[in-house]
Amino acid sequence: MAYEIRTWPDRILKQKMKEVDFFDERLKEYVDVMFERMYQLEGVGLAANQIGIPYQIIVIDTNTKKYDQQEGEEGVKMVLINPQIVKKEGEIESTEGCLSFPGVQITIPRAEKVVVKAKDIEGKDIEIEGENFLAVVLQHEIDHINGIPFINYLPPVKRRIVLDRYMKKKKELAKAK
């Protein structure tokens with residue numbers, strides 16, 4: 001399977017993904033493929049459904065891209081299985097792009113801090129606390145596996161404008177091929 005990046009309006013990006021109930025070689029293979037595709041595409045996070053894998057798996061590596069680190073903040077690499085945000089605090093404005101919406105960058109509100117419960121690749125329960133950039137990446141990727149695109153945080157009129165521009169550009173690129 002090619003595991004190509006799925007772009008909007010692909011149906012899989014609009015659906016809540018299945019919980020992972022297997023912690024075996026198949027899961028490790030999915031995770032390896034996800035990191036490989038994320039690095040090829042120069043992303044900092046990837047949800048499984050973005051490459052057509054219908055499970056609640058996200059990978060994150062904030063060392064892969066330059067960003068404004070806060071004092072004392074270090075990059076992290078992680079795999080989260082069946083992640084859920086259990087606590088949100090504060091609010092920040094986040095300018096985000098998305099591999100499934102190439103060329104789109106929008107500014108939306110996000111929680112400044114989050115607490116996430118998940119399982120690791122071995123099936124053990126874990127809890128992650130994220131602030132600032134990591135909190136944003138966690139929220140973005142967890143939204144993906146729940147079928148919530150980042151454009152949903154825009155007011156309806158602005159969302160329509162962004163989607164219209166995106167779809168027009170997508171059609172132009174398809175014609176050019």
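The values are calculated or read from the model by the stated rules, or taken from the named source; none is laboratory data. Just so we're clear, the structure is a prediction, and the values are computed from it rather than from any experiment. Using ideal geometry, Cβ is built from the backbone for each residue, glycine included, and neighbour counts are taken over all protein chains shown.
The residues listed here are Lys28, Lys66; of these, the one that is surrounded by fewer than 18 Cβ atoms within 10 Å (Cβ to Cβ), modelled with pLDDT of 95 or more, of a type in the set (Lys, Arg) and over 13 Å from the mean Cα position of the chain (by Cα) is Lys28. Scanning region 18-53 for residues that are aliphatic (A, V, I, L, M), closer than 22 Å to Glu96 by Cα and in a loop (DSSP other than H, G, I, E, B) yields Leu41, Val44.
When the test is whether a residue is in a helix (DSSP H, G or I), loosely packed, with under 15 Cβ neighbours inside 10 Å and basic (Lys, Arg), Arg165 passes it.
Checked against (1) over 25 Å from Gln15 (Cβ atoms); (2) touching a residue at least 40 places away in the same chain (Cβ under 8 Å), Glu129 passes all but a single condition, namely (2).
Within region 110-129, restricting attention to residues that are touching a Gly at 6+ places or on another chain (Cβ under 6 Å) and in a strand (DSSP E or B), the residue that is surrounded by the most Cβ atoms within 10 Å (Cβ to Cβ) is Val114. Of the numbered conditions (1) part of a helix (DSSP H, G or I); (2) touching a residue at least 12 places away in the same chain (Cβ under 8 Å); (3) under 25 Å from Glu89 (Cα atoms), Asn152 fails exactly one; give the number of that condition. The number of the failed condition is (2). Is it the case, given these coordinates, that Ala176 is more than 25 Å from Gln15 (Cβ to Cβ) and among the small types (Gly, Ala, Ser)? It is true that Ala176 is more than 25 Å from Gln15 (Cβ to Cβ) and among the small types (Gly, Ala, Ser). What are the residues in region 101-120 that are in contact with a Lys or Arg (Cβ under 8 Å, 6 or more places away or on another chain), modelled with pLDDT of 95 or more and not aliphatic (A, V, I, L, M), if any? Hit for region 101-120 is Lys113, nothing else.
Conditions tested, residue by residue: (1) of a type outside the set (A, V, I, L, M, F, W, C); (2) surrounded by fewer than 14 Cβ atoms within 10 Å (Cβ to Cβ); (3) without any contact (Cβ under 8 Å) to a residue 60 or more places away in the chain; (4) within 27 Å of Lys124 (Cα to Cα).
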site: Val33; (1), (2), (3), (4): no, no, yes, yes
site: Leu46; (1), (2), (3), (4): no, no, no, yes
site: Asn49; (1), (2), (3), (4): yes, no, no, yes
site: Lys88; (1), (2), (3), (4): yes, no, yes, yes
site: Thr95; (1), (2), (3), (4): yes, yes, yes, no
site: Phe101; (1), (2), (3), (4): no, no, no, no
site: Ile108; (1), (2), (3), (4): no, no, yes, no
